[in-house]
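Some notes on the structure that comes next.
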Amino acid sequence: MLLSSLVPADHFLIMALYAFLISFFFALLWRSEKRERAVLFVKLFLALVVGALAVAWLMYPFPS
Amino acid sequence: MSESAFPPPPSAPPPPPPAAPASPAAVPRRGPPGLVAAILAWVFPGLGHFAVGRRGTSLLYALIVTATFLLGMSFEGRLYSPEPGQPLTILATFAVYGAGLLNVAARLISTNPSGSILSVTYEYGCAFLLTAGLMNLLLMLDAYDIATGRK
C-alpha cells in the first residue's frame, strides 16, 4: 500500500505511534478544555511508553 | 384555640419550589436523535459528532480513527471473521466491524483481508485494526450521549 513506505518498521517507533494515537484520542474524548487535554495526553503517552518499557525490562530475564 | 378552630388541611400541597435555572436536559435539543447520531458515528468516524454540532472534534476523531485503521492495513493486519472453534474471533470481528464503512470498504478493496501472518508487523496491524474499531464504538456511545443530552 501507499502508506507502507511511510510507516516505521522499528518496533519502538510503532509502539510510540500507537501510544500517540491512543493518547490523542482519549485526551479528546475525556477532557473538554485545551489545557486539560494536553495534560492528559502527556500523562497517557508517558504511561503507555514508559510502562511498556518497564514491563519489557521486567520480562527481560525470561524465559531463560 | 385558634389552631384547633382552623386546623391545617391534611393534604395541603407544599409550596412550589423557587424557579430553578433550566437544566441542560430541559433545554430543547437540536440535531438528530441519539440513535441516528450513533448510526452516523458508526458509518464513518466523527460523522456522529459532526451531526450533533461538535464540528472541530469530529474532524480530529475522523483523522485519528482513519489513520489508525489505515496503519493497521499497512501493517498487514487481519480483518477478522468468525471461525469455527475459535470463539475469540467473534469478539475480534465485533471490534473490527466497529470501524463501520472503513472495514466494509477495506474488505472489498483489499487483496488480502486475512493479513500476512508471516509479516513482521502482522501483530501490530491486528492491534491497530482492532483499536480503530473499538475507538469508533466509543465514539458511537459518545455521540449518543451528546445527542440525548447526557453529556
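The values are calculated or read from the model by the stated rules, or taken from the named source; none is laboratory data. Quantities reported herein were computed from a predicted structural model and do not represent experimental measurements. Backbone-built Cβ (ideal geometry, glycine too); neighbour counts: all protein chains shown. Just so you know, the surface numbers come from the protein's heavy atoms only, side chains and all, with ligands and any DNA or RNA stripped out. Shrake-Rupley method; radii C 1.70, N 1.55, O 1.52, S 1.80 Å.
Give the stretch A:32-59 a look and list any residue that's at pLDDT 95 or above and either within 19 Å of B:ALA62 (Cβ to Cβ) or in contact with a Leu (Cβ under 8 Å, 6 or more places away or on another chain) (or both), or say none.
Within the stretch A:32-59, A:ARG37, A:PHE41 meet the criteria.
Which of the residues belonging to the stretch A:21-35 are part of a helix (DSSP H, G or I) and open to solvent by 90 Å² or more (accessible area, probe 1.4 Å)?
Listed by number, the residues that qualify are A:TRP30, A:LYS34, A:ARG35.
Taking the criterion of being within 8 Å of chain B (Cβ to nearest Cβ), within 21 Å of B:GLY77 (Cβ to Cβ) and not β-branched (Val, Ile, Thr), would at least one residue in the stretch A:28-41 satisfy it?
no
Please give the helices (runs of 4 or more DSSP H) falling wholly within the stretch B:53-151 in which 2 or more residues are open to solvent by less than 50 Å² (accessible area, probe 1.4 Å) and within 11 Å of chain A (Cβ to nearest Cβ).
B:55-74, B:122-147
Inside the stretch B:86-132, can you point out the residues that are touching a residue at least 60 places away in the same chain (Cβ under 8 Å) and either touching a Gly at 6+ places or on another chain (Cβ under 7 Å) or small (Gly, Ala, Ser) (or both)?
Passing the criteria: B:PHE128, B:LEU129, B:ALA132.
Out of (1) free of Cβ contacts under 8 Å to residues at least 60 places away in the same chain; (2) touching a Gly at 6+ places or on another chain (Cβ under 9 Å), what's the single condition that is false for B:LEU70?
Among (1) free of Cβ contacts under 8 Å to residues at least 60 places away in the same chain; (2) touching a Gly at 6+ places or on another chain (Cβ under 9 Å), the lone unmet condition for B:LEU70 is (2).
Checking the structure you have, find out if any residue of the stretch A:43-64 is in a loop (DSSP other than H, G, I, E, B), within 14 Å of chain B (Cβ to nearest Cβ) and open to solvent by 60 Å² or more (accessible area, probe 1.4 Å).
At the first step, the residues of the stretch A:43-64 found to be in a loop (DSSP other than H, G, I, E, B) are A:60-64.
Those left that are additionally within 14 Å of chain B (Cβ to nearest Cβ): none.
Among the residues of the stretch A:43-64, not one is in a loop (DSSP other than H, G, I, E, B), within 14 Å of chain B (Cβ to nearest Cβ) and open to solvent by 60 Å² or more (accessible area, probe 1.4 Å), which makes the answer no.
Run A:VAL7 past the list (1) open to solvent by less than 50 Å² (accessible area, probe 1.4 Å); (2) farther than 26 Å from B:GLY115 by Cβ; (3) facing chain B (nearest Cβ under 10 Å) and report the number of the one that doesn't hold.
(2) is the only condition that A:VAL7 fails.
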